[in-house]
Amino acid sequence: MPLLIAMIFGIVSAFILLSSNYNSSSDHQKYTELITSNVDHLSGWVATYASAKGLEELNIQDLNNTEIMPSHLAENITCPIGDNNASYWIMQSDTKTKYQIIPTTSADGWKLLIDFSDNVVLMEQVIFIESYILNEICERKHLGEKQQNWTTLNGDKNDFEDIGNASDGIVGCVIHY
């Protein structure tokens, strides 16, 4: 009888461990798919904006002001007073992922900063997630140049700072037209 109880306990424990790992993997996949979808939406909105106004003044706040982004997303845009380039967008509040865009210096493309450092689920596997975003979304899907060390916007230079690392939860991409 004790052997039977020990076997049942072992099987139940194994089932709990396997199912919890599956759920964690499922969460990572869900969030990376959301990031992929959001970048695709941003790319479409930027293309529409670029054909109408060019890329010289591109940022999230301008996309919102020109009504290219759907109006129901306006509540998810944060813009520090007086600095539209520092504006960022959070599509889904549960992902806690920020998207920030600015034009390239020559205005022939745009720079995208993705910050998922506040997302606990994604930070569990930060190196894998950063690699996935840079390789699959940036390079393969949008033919961009990956930037793993960007961190924040430097308002004086109107460019992203290049002081990050491979495990900070912040990645960037330069997408040319």
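The values are calculated or read from the model by the stated rules, or taken from the named source; none is laboratory data. Remember, it's a predicted structure, so these values are computed and weren't measured experimentally. Please note: Cβ atoms are built from the backbone with ideal geometry, for glycine as well, and neighbour counts cover all protein chains shown.
Within the range 97-144, being touching a Cys at 6+ places or on another chain (Cβ under 9 Å), under 16 Å from A166 (Cβ atoms) and among the charged types (D, E, K, R) holds for one residue alone: E139. Checking N23, N64 one by one, the residue that is touching a strand residue (DSSP E or B) at 6+ places or on another chain (Cβ under 7 Å) and modelled with pLDDT under 85 is N64 and no other. The residue of the range 94-115 that is nearest to the chain's Cα centre (by Cα), among those that are over 15 Å from N76 (Cβ atoms) and not in a strand (DSSP E or B), is T104.
Selection of the range 129-144 for residues being surrounded by fewer than 21 Cβ atoms within 10 Å (Cβ to Cβ) and touching a Lys or Arg at 6+ places or on another chain (Cβ under 8 Å) yields N135, E139. Yes or no: V126 surrounded by fewer than 20 Cβ atoms within 10 Å (Cβ to Cβ), of a type in the set (A, V, I, L, M) and in contact (Cβ under 8 Å) with a residue 60 or more places away in the chain? Considered against the rule, which asks whether it is surrounded by fewer than 20 Cβ atoms within 10 Å (Cβ to Cβ), of a type in the set (A, V, I, L, M) and in contact (Cβ under 8 Å) with a residue 60 or more places away in the chain, V126 comes out as no.
What about G144, is it within 16 Å of T32 (Cα to Cα) and among the small types (G, A, S)? No: the conditions fail for G144.
For beta carbons closer than 9 Å, sequence separation of 6+ or different chains, a first residue in the range 40-56 that is free of Cβ contacts under 8 Å to residues at least 24 places away in the same chain and under 13 Å from T66 (Cβ atoms) and a second that is aromatic (F, W, Y) and exposed (fewer than 14 other Cβ atoms within 10 Å of the Cβ), there are no qualifying pairs.
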